[in-house]
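The structure appears below as structure tokens.
The values are calculated or read from the model by the stated rules, or taken from the named source; none is laboratory data. Computed from a predicted model, the values in this text were never measured in an experiment. No Cβ is skipped: glycine too gets one built from the backbone with ideal geometry, and neighbour counts run over all protein chains shown. Remember, those area values only see protein heavy atoms, side chains included, never the ligands or the DNA or RNA. Shrake-Rupley method; radii C 1.70, N 1.55, O 1.52, S 1.80 Å.
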Amino acid sequence: MSKVLVIGAGGVGSVAVHKMAMCKEVFSHITLASRRIHKCEAVAASVKQRTGVTIGTAELDADDVSATVALIRAVQPALVVNLALPYQDLAIMDACLEAGVNYLDTANYEPRDEAKFEYSWQWAYQDRFKDAGLMALLGCGFDPGVTSVFTTYTHKHLLDRIDTLDILDCNGGDHGHPFATNFNPEINIREETAPSRHWENGQWIEGPALAQKQTFDFDQVGPRNMYLMYHEELESLAKFYPEIKRIRFWMTFGDAYLKHLEVLQNVGMTRIDPVMFEGREIIPLQFLKALLPEPSSLGPTTRGKTNIGTIATGEKDGQQKTFYVNNVCDHEAAYAETGSQAVSYTTGVPAMIGAALMLTGQWKGEGVFNMEQLDPDPFMDMLNRHGLPWQVKELPSPLAF
Ligand code: NDP
């Protein structure tokens, strides 16, 4: 029985809090804090209506470390779950250190003025968390998160050695809008417009954004075009699995989405540096975010499924083998259960599971941890029991792409 403080009342925070309320045996008291109190109150009302559980709410600007420390001291949680934006990661980690509490997030720290997608800033907290006897768990969403656990599971149970790893992220959902992003637009568009990068024979290979494409037939979705991209779990996978010769990340995009993105990029709307407009500075990407639908509003209209997984090739008992581990998640079912579509659901459920494993002591340690460093078995078991069942399929070797 443990108290948890969740920061961030967006799509992911809402799912995580709903799922925590459905897991009363672990989460005895839940408090949700966010920049705007009315968002917390709306989530609290939905949690009450769907589960009967009353959660606490608080208004918090998590960029303000002393305000977060004061809230942590008032709530006295055993764990802070950071589901605000990557910009807040370091401020919330500082607050956790000052207040003496464990930490979990789903995305690596990002400076506002530079798209980096790297763990260096958070890995630099290793000694401070270790010395304080606290645990910080990084990247506990789906990707990063579950994809790293699928890899650890493959390494533990399916292959003696992994040679290549491909992460395939397919969103086969349709929300009915000409253009909208499925999670925070600013972070989402930064990710898609960054140069592609993959790991091969001990080095990063860079290329233009969204230039390499493959068609793949996704179970329960159908054939989709997927594009080579950089994604943050590549960095931790390359660090913790130096044996893997090639690691790539692929994400599906429809032609209409890419056309909108290309136009927005060409006219400068995806820029993250300030420009002067009518006598004041604005960041074009932040202005674009204000025009686009909020990801949390897409739930009622989204139909279709997501299919995210890992394909690993390697050796088992001296034979070449290829294994595909994946989850299929239905947007409408996710919405019926939690009031959010599958992109938020597939991130919020793993955050709840990571939190539960930390609170029950099944995952414990001192210092800063990535998902690759922890035992995959209890996490894989909870995925099956809490709404994200997975399958393992053997594919023909060698891999076709
Ligand atoms: P949203 O934009 O929907 O929600 C973010 C929430 O954080 C909003 O409620 C926002 O408040 C709040 N917030 C922003 N700034 C602050 C602040 N300074 N203090 C307190 N609260 C703040 O994003 P998502 O829910 O889609 O994403 C949440 C996180 O999950 C992001 O870090 C995202 O990168 C990550 N993510 C990870 C994935 C994975 O698989 N690992 C996949 C998808 C997302 P307000 O409503 O007032 O703006």
Enumeration of residues in region 59-85 that are buried (at least 24 other Cβ atoms within 10 Å of the Cβ) and within 17 Å of the chain's Cα centre (by Cα): V80, V81, N82, L83, A84
Where a residue in region 86-98 is free of Cβ contacts under 8 Å to residues at least 60 places away in the same chain and its partner, wherever it lies, is open to solvent by 20 Å² or more (accessible area, probe 1.4 Å) and within 9 Å of the ligand (Cβ to nearest atom), with Cβ under 8 Å and at least six apart: Y87/D63; D89/A107; A91/D63; A91/D64
In region 336-363, the residues that are within 9 Å of the ligand (Cβ to nearest atom) and over 21 Å from S297 (Cβ atoms): P350
All positions within region 144-187 that are of a type in the set (V, I, T), in a helix (DSSP H, G or I) and within 11 Å of the ligand (Cβ to nearest atom): V146, T147, I187
Residues within region 92-143 that are more than 19 Å from the chain's Cα centre (by Cα) and within 15 Å of the ligand (Cβ to nearest atom), tallied: 3
Unique residue being touching a Gly at 6+ places or on another chain (Cβ under 9 Å) and not aromatic (F, W, Y) when the list is L258, L298, L291, L285: L298
In region 35-67, the residues that are more than 12 Å from the ligand (Cβ to nearest atom) and among the hydrophobic types (A, V, I, L, M, F, W, C): A44, A45, V47, V53, I55
Total residues in region 9-33, condition buried (at least 24 other Cβ atoms within 10 Å of the Cβ), over 15 Å from G354 (Cβ atoms) and within 10 Å of the ligand (Cβ to nearest atom): 5
